[in-house]
Amino acid sequence: MQALEAEFGVKPGQTTPDGRFSVTDFRCPGSCGLAPVLVVDGELLGRETAASVIARIRALLAREGEPTPTEEASA
């Protein structure tokens, strides 16, 4: 969560100003053996690291063909 906040500027319960990325904290999706887990664009991901999550999100946002929130802020 801290890495997502640092990278994209959003805390749990928030959405980026452009509406493209939200962070939501949730409890037990029933996949304890894969912890830590998260859902990115509807896909359940397990055993992820902060770096791999950020890379996945950046790739997803890049496929949409628009700058990521961090790129917009530095422009």
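Pop a pseudo-label 7 angstrom from the Cα along the beta-carbon direction at both MET1 and ALA62 and give the gap in nm to one decimal.
It works out to 2.9 nm between the two label points.
Sort the following peptides by mean Cβ neighbour count (other Cβ atoms within 10 Å, averaged over residues), highest first: 2-9, 40-47, 13-20, 26-33.
2-9, 13-20, 40-47, 26-33
Helix 50-63 versus the longest principal axis of the chain: what angle, 0 to 90°, nearest 10, using Cα atoms?
Approximately 50 degrees, to the nearest ten.
Give me the log10 of I(q) over I(0) for the chain at q = 0.21, 0.25 Å⁻¹, as the Debye formula computes it from C-alpha points; what are the numbers?
Values returned for q = 0.21, 0.25 Å⁻¹ are -0.98, -1.35.
First measure r as the distance between the Cβ atoms of LEU45 and ASP18, then evaluate 1/(1 + (r/R0)^6) with R0 = 25 Å and state the FRET efficiency to the nearest 0.05.
Step by step, r from the Cβ atoms, then E = 0.65.
Out of residues 5 or more away from VAL23 or on other chains, whose amide H comes under 5 Å of its own, with H placed 1.01 Å from N in the peptide plane?
Close amide H contacts, sequence-distant or interchain: GLY13, GLN14.
Read-outs throughout are calculated quantities, based only on the coordinates presented, and are distinct from any laboratory measurement. Only a predicted model underlies this, so the values are computations on that prediction, with no experimental measurement involved. All Cβ positions, glycine included, derive from the backbone under ideal geometry; neighbour counts span all protein chains shown.
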